[in-house]
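The values are calculated or read from the model by the stated rules, or taken from the named source; none is laboratory data. The model shown is predicted, which means the values in this text are computed figures rather than measured ones. Note: ideal-geometry Cβ built from the backbone for every residue, glycine included; neighbour counts use all protein chains shown. Heavy atoms of the whole protein, side chains included, go into the accessibility calculation; ligands, DNA and RNA do not. Shrake-Rupley method; radii C 1.70, N 1.55, O 1.52, S 1.80 Å.
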Amino acid sequence: MSTDPSRPLLAPPSGSLTISEPKVDSALQLDAPEASPSSSVYLSLVIPTFNESENIEAMIELLSKLLDQALPGNYELIVVDDDSPDYTWKIAQEMVSQYPQLRVMRRQQERGLSTAVIRGWQVARGEVLGVIDGDLQHPPEVLLQLVAETQQGADLATASRHVEGGGVSSWSVVRRFLSRGAQLIGLIILPGVIGRVSDPMSGYFLVRRSAIAGKTLSPVGYKILIEVLGRGNIGRVAEVGYVFQERQSGESKVTWKQYVEYLRHLVRLRLALSPFGRFIRFGFVGLTGLFVDMSVFYLLREGLQLGLTRSNIISVELAILNNFLWNDAWTFSDISSRQQGWRQRAKRLLKFNVICLMGLILNTLIVNFLFNALGMNQYVAKLIAIAVVLFWNFWINLKLSWRVTEVK
Ligand code: GDD
Ligand code: MN
């Protein structure tokens with residue numbers, strides 16, 4: 001079977017794993033006729049594959065038959081294959097001439113289930129983005145219920161083994177124990193995320209593009225769902241029970257490595273979502289500010305013989321500017337990236353400046369109180385003042401300059 005030259009392999013995107021905003025497109029209506037290649041569709045379903053040559057044809061046939069019924073011309077299937085040695089990508093690419101909704105990506109530079117899914121979503125045209133395994137262990141017919149849930153407004157519709165009608169056909173006791181154990185650890189480390197669904201390990205779900213658009217995702221290993229739940233703006237969640245089927249051909253790629261990656265993923269999300277990780281970055285930026293302050297102060301005093309107060313004001317101001325630029329570009333980058341434009345940035349700088357200057361006053365008051373009123377050693381007093389003002393600067397800026405509550 002030959003490939004269709006007019007529909008070549010998709011070029012794998014590179015760079016950060018960020019999903020683009022939904023396109024405002026009138027053709028988005030559910031009953032849209034044949035969608036043109038650039039126009040939007042309702043559903044983009046990604047099928048990540050590695051060595052699924054024995055399953056991929058059946059997957060594409062079954063899914064196309066189902067979706068041609070439910071969403072005629074208004075869906076797309078995106079196979080993302082990591083250059084499988086068994087040429088899964090080639091088999092799929094040879095089917096595109098027969099399946100107009102099918103697109104295939106062959107990744108040769110990157111590898112991994114979660115990033116494969118996100119790269120697929122990055123080239124997708126759908127209002128709703130989905131993922132299903134490419135080995136028939138996720139029953140395709142459940143997809144229709146998931147689609148229906150999103151049509152009724154769910155931001156996330158997941159297929160779950162742990163709700164009514166759910167289960168696993170033939171998992172060993174060990175795998176069941178590991179899967180449940182992993183879930184328990186997740187509930188301890190990230191209760192607010194893992195606790196939102198009954199099957200956080202599920203690799204079968206649909207999510208509304210607008211709920212994750214603009215977010216930089218950085219999953220580790222297999223668990224793309226917890227990344228979506230953790231970093232997305234997920235409103236209503238719907239769950240549909242399904243029975244995880246036995247694999248008929250090919251083999252699972254899950255090894256102990258995936259379990260280690262899962263723990264790393266949990267810790268990474270924990271740090272990213274808690275202010276703690278951000279506080280560490282803020283503190284580090286504060287240190288660079290200290291360096292700028294001291295060295296500029298030294299240069300002005302020793303180099304230009306400038307007066308004490310003037311030197312101090314200039315060096316402190318330059319340190320504040322330094323800290324703002326680094327915090328805007330690094331500590332709060334996930335927020336500032338959504339509040340683009342000079343006006344917004346200038347507003348943040350002004351707030352940051354005022355808060356830090358108030359911090360400066362607070363610093364001076366604390367040093368004077370501890371040294372003069374409590375007779376404390378001046379350097380210990382200075383260190384305590386710096387620590388208190390670091391918290392003050394961090395917390396007030398978190399709440400005022402970079403409004404985390406507006407953007408998760
Ligand atoms: N592109 C790409 N790259 N695809 C991959 C890779 C990879 O590195 N590794 C695995 N896949 C594909 C497989 O080809 C299959 O289509 C799908 O990802 C799932 O891989 P399996 O190795 O079959 O996983 P599993 O069946 O043991 O576990 C699955 O089900 C669990 C229960 O829902 C996964 O989806 C787990 O994430 C999920 O927890
Ligand atoms: Mn599988």
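Values for this structure:
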| read-out | value |
| --- | --- |
| Within the range 84-108, considering residues that are within 11 Å of ligand 1 (Cβ to nearest atom) and assigned to a helix (DSSP H, G or I), the one least open to solvent (accessible area, probe 1.4 Å) | Thr88 |
| Count - residues of the range 115-174 that are among the small types (Gly, Ala, Ser), at pLDDT 95 or above, open to solvent by 10 Å² or more (accessible area, probe 1.4 Å) and within 13 Å of ligand 1 (Cβ to nearest atom) | 0 |
| Residue match in the range 341-354 (condition: touching a Gly at 6+ places or on another chain (Cβ under 6 Å), at pLDDT 85 or above and of a type outside the set (Gly, Ala, Ser)) | no |
| Residue in the range 298-321 that is surrounded by 16 or more Cβ atoms within 10 Å (Cβ to Cβ) and within 27 Å of the chain's Cα centre (by Cα) present | no |
| Matching option when the condition is among the aromatic types (Phe, Trp, Tyr) and open to solvent by 60 Å² or more (accessible area, probe 1.4 Å), among Trp395, Trp402 | Trp395 |
| Every pair of residues 6+ apart whose Cβ atoms lie under 9 Å, when the first sits in the range 50-64 and is open to solvent by 50 Å² or more (accessible area, probe 1.4 Å) while the second is away from ligand 1 (no atom under 11 Å from the Cβ) and not in a loop (DSSP other than H, G, I, E, B) | Glu57/Ile91; Glu57/Ala92 |
| Matching residues, the range 1-60, being modelled with pLDDT of 70 or more and among the β-branched types (Val, Ile, Thr) | Thr18, Ile19, Val41, Val46, Ile47, Thr49, Ile56, Ile60 |
| Residue count for the range 217-229, restricted to those that are open to solvent by 10 Å² or more (accessible area, probe 1.4 Å) and within 11 Å of the chain's Cα centre (by Cα) | 3 |
| Per-region count, the range 238-280, residues within 23 Å of Thr115 (Cα to Cα), among the hydrophobic types (A, V, I, L, M, F, W, C) and more than 16 Å from ligand 2 (Cβ to nearest atom) | 9 |
| Pairs, first at positive phi in the range 84-100, second surrounded by 17 or more Cβ atoms within 10 Å (Cβ to Cβ) and of a type in the set (Gly, Ala, Ser), C-beta under 7 Å, six or more apart | Tyr87/Ser53 |
| Residue within the range 226-248 that is aliphatic (A, V, I, L, M), in a helix (DSSP H, G or I), within 13 Å of ligand 1 (Cβ to nearest atom) and touching a residue at least 12 places away in the same chain (Cβ under 8 Å) present | yes |
| Candidates Gly277, Gly214, Gly283 - the one that is over 16 Å from the mean Cα position of the chain (by Cα), more than 16 Å from ligand 1 (Cβ to nearest atom), open to solvent by less than 30 Å² (accessible area, probe 1.4 Å) and at pLDDT below 90 | Gly283 |
| Any hit, the range 230-246, residues being surrounded by 14 or more Cβ atoms within 10 Å (Cβ to Cβ) and in contact with a Phe, Trp or Tyr (Cβ under 6 Å, 6 or more places away or on another chain) | no |
| Near pairs, Cβ below 6 angstrom, 6+ apart or cross-chain, from the range 198-221 (without any contact (Cβ under 8 Å) to a residue 12 or more places away in the chain) to any residue that is more than 15 Å from ligand 1 (Cβ to nearest atom) and hydroxyl-bearing (Ser, Thr, Tyr) | none |
| Residue selected from the range 248-269 under the condition over 14 Å from Pro219 (Cβ atoms) and in contact with a helix residue (DSSP H, G or I) (Cβ under 8 Å, 6 or more places away or on another chain), by the criterion surrounded by the fewest Cβ atoms within 10 Å (Cβ to Cβ) | Lys253 |
| Breaking point among (1) touching a Leu at 6+ places or on another chain (Cβ under 8 Å); (2) assigned to a helix (DSSP H, G or I), for Met376 | (2) |
